[in-house]
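Report on one structure; see the data block that follows.
The values are calculated or read from the model by the stated rules, or taken from the named source; none is laboratory data. Owing to the predicted nature of the structure, the values given are computational and were not obtained by experimental measurement. Every residue, glycine as well, gets a Cβ built from its backbone with ideal geometry; the counts of neighbours run over all protein chains shown. SASA here: full protein model, heavy atoms, side chains in, ligands and nucleic acids out. Shrake-Rupley method; radii C 1.70, N 1.55, O 1.52, S 1.80 Å.
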Amino acid sequence: RVAIARVLRAGKRATGQTVTVCGWVKTNRAQKERSFVELNDGSCLANLQIVVDSTCASRETAVTVAGAATGASMRVVGVLVDSPGSQETEVKASEVHLLGTVDASTYPLAKKGHSLEFLRSVAHLRARTNTLGAVMRVRNALAYATHAFFQQAGFLYVHTPIVTASDCEGAGEMFQVTTHKLRAGVAPAVYKPEEDFFGKEAFLTVSGQLNGEFYACGLGSIYTFGPTFRAEHGHTTRHLAEFWMIEPEIAFADLTDDMNLAEAYLKHCFAHVLASCAEDLAFLSDMYDKDKPGPKLAARLSQIVDEPFARVTYTEAIELLCKVEGKAWEFPPKWGEELQTEHERHLCEHTFCKPTIVYNYPKGCKAFYMRLNDDGKTVAAMDVLFPKVGEMVGGSQREERLDVLISRMTELGLEPEPYKAYLDTRRCGTQKHAGFGLGFERLVLFATAMDNIRDVIPFPRWHGSAMF
Ligand code: 4AD
Ligand code: MG
């Protein structure tokens with residue numbers, strides 16, 4: 001079997017070759033003497049046209065092809081011939097095998113043009129649509145670009161655990177892990193606490209950072225790329241309960257190194273997608289971007305690759321926001337308070353009109369592990385803000401001084417027990433280090449021009465969502 005993407009890439013160079021292709025029928029147009037089947041196999045957006053005429057063997061073939069409704073799966077053997085249509089090549093079938101039929105009256109995707117919301121309700125079938133196909137190929141390209149970038153830069157890929165006892169962000173958004181005995185037909189019964197599997201409370205990780213730090217403080221430069229979980233109750237277009245995070249951590253590095261790394265990594269990702277997914281980007285832009293103002297998807301990504309990001313301290317950002325005239329803020333900007341989504345978006349969509357790194361936040365807005373600056377009021381934290389998406393990256397230089405770290409934890413009322421190992425690294429050969437976390441789905445969201453984060457992950461989980 002050869003992938004349709006390969007056949008189409010070869011174009012006229014492959015004319016005359018016999019190929020076997022497998023896929024799902026997009027459309028099937030039957031004429032008196034011939035049938036034209038548009039076949040897609042997910043390897044690319046375009047379909048391959050299969051022409052079936054009387055030279056294609058037997059009566060069974062004609063019956064087979066006529067019975068192949070949208071969604072049916074088939075294997076085709078045939079010769080590549082020059083196509084009079086928009087594509088250079090098509091297949092003149094010599095054999096058609098219908099592998100799986102479809103009842104058009106019940107197939108949810110029989111008709112064209114479904115809303116994205118409807119497609120979420122058939123998440124097990126939506127991979128067959130052009131939109132999800134394009135999004136998933138871009139997602140795949142971004143995952144590849146992530147590994148390529150960090151591997152080329154000499155980072156080690158470290159697999160951090162999913163089950164943990166500590167709350168990295170201290171935001172209390174953790175899912176607790178309990179052990180259940182599953183019996184067929186009986187609702188799961190929770191084990192008694194004394195039978196608790198781990199002997200203590202355990203949770204799904206909200207971030208691999210603390211474990212990542214342990215490995216950076218021994219191996220130098222590492223990154224993680226894994227699932228993370230947050231019990232987010234808000235129904236926003238940018239939050240999921242399960243999402244993937246990329247978290248590099250670099251020993252002997254400070255906040256400037258961290259910001260430089262984040263910017264270089266993001267640029268590498270977009271450059272790779274531009275080079276490898278042109279057809280999918282054009283399709284997504286046409287479908288979801290067409291009527292929106294400003295440069296279109298590929299142009300937006302190119303601009304980001306070519307231009308330096310804006311960088312501004314939190315204090316400067318608040319000053320700039322306070323000077324904005326005629327804006328009715330829901331939360332008026334004020335030093336010491338969190339930047340709200342409306343502030344973040346204003347900075348990158350109106351003040352700077354490009355990705356913007358805000359750094360040196362008030363300590364009250366950020367997590368316990370961020371390094372206290374000499375002013376005693378701010379920490380060496382940074383967020384990378386993107387138009388439409390808001391916060392793409394959150395990172396910081398870590399507090400490497402044991403006494404300062406302990407006093408920050410005490411200030412925030414954190415129990416030292418779950419963080420014993422973390423504090424130990426500050427006792428044993430401590431050194432400055434920094435890192436960040438990038439929400440992978442937010443990266444995919446920006447690179448695909450989609451509006452809702454639920455449409456850029458294969459199986460989205462959110463508060464109250466059904467699961468497959
Ligand atoms: O800013 P956050 O909470 O930072 C951390 O978790 C750090 N421990 C990372 C580190 O320094 N290693 O989350 C990092 C990023 C955010 O900037 C955002 O892109 C994404 O993770 N994110 C979410 N994405 C989807 N759904 C959610 N509920 C998200 N929460 C955070
Ligand atoms: Mg954050």
* Solvent exposure ordering (accessible area, 1.4 Å, most first) of L109, L320 -> L320, L109
* **the range 340-419: equivalent-ellipsoid semi-axes (sqrt of 5 x gyration tensor eigenvalues, Cα, Å)** => 29, 12, 10
* Asked: Separation of the range 115-137 and the range 370-399 by C-alpha centroid, Å?
  -> 35
* To do: Mind putting together the pair-distance distribution for the range 270-344? All Cα pairs, 5 Å bins, whole percent per bin, short to long.
  => 3, 13, 17, 13, 12, 14, 14, 10, 3, 0
* Asked: If you wrap the chain's Cα atoms in a convex hull and average its projection over all directions, what's the area in nm²?
  -> 27.9
* Separation of the range 254-317 and the range 320-355 by C-alpha centroid, Å? -> 21
* **Around T27: net Lys/Arg minus Asp/Glu count, Cβ-Cβ under 10 Å** => +2
* Structure fact -> So, with points 7 Å from each Cα along the Cβ direction, the D196-Q17 label distance in nm works out to 6.1
* To do: Could you work out how far the C-alpha centroid of the range 10-27 sits from that of the range 199-227, in angstrom?
  => 46
* Asked: Among the lysines, which fall within straight-line cross-link reach of K112, defined as a Cα-Cα distance under 27 Å, with same-chain neighbours fewer than 8 residues apart omitted?
  -> K26, K32, K92, K290, K292, K296
* Given a cut-off of 24 Å, name the pairs among K334/K363; K327/K363; K334/K420 whose C-alpha atoms lie farther apart than that in the structure shown. => K327/K363; K334/K420
* Going by accessible area, probe 1.4 Å, with all protein chains left in place, what is the ranking of Y422, Y157, largest first? -> Y157, Y422
* Using heavy-atom solvent-accessible surface (probe 1.4 Å) with all chains present, what is the largest-first order of F214, F459? -> F459, F214
* Might you work out the accessible area of C277 for me, using a 1.4 Å probe with all protein chains in place, and round it to the nearest 10 Å²? => 10
* Asked: V163: accessible area at probe 1.4 Å, nearest 10 Å²?
  -> 60
* Structure fact -> Stretched fully, the stretch from T341 through I162 gains (0.36 nm per residue minus C-alpha distance, one decimal, in nm) 61.6 nm
* Given the protein chains as shown and a 1.4 Å probe, how many square angstrom of S86 are accessible, to the nearest 10? -> 130
* Take each uninterrupted DSSP H stretch in the chain, measure its Cα extent along the helix axis, and return the ones at 20 Å or beyond whose mean Kyte-Doolittle hydropathy is at least -0.5. => 130-152, 255-276
* Size of the range 231-312 as Cα extents on the principal axes (Å, biggest first) -> 45, 37, 27
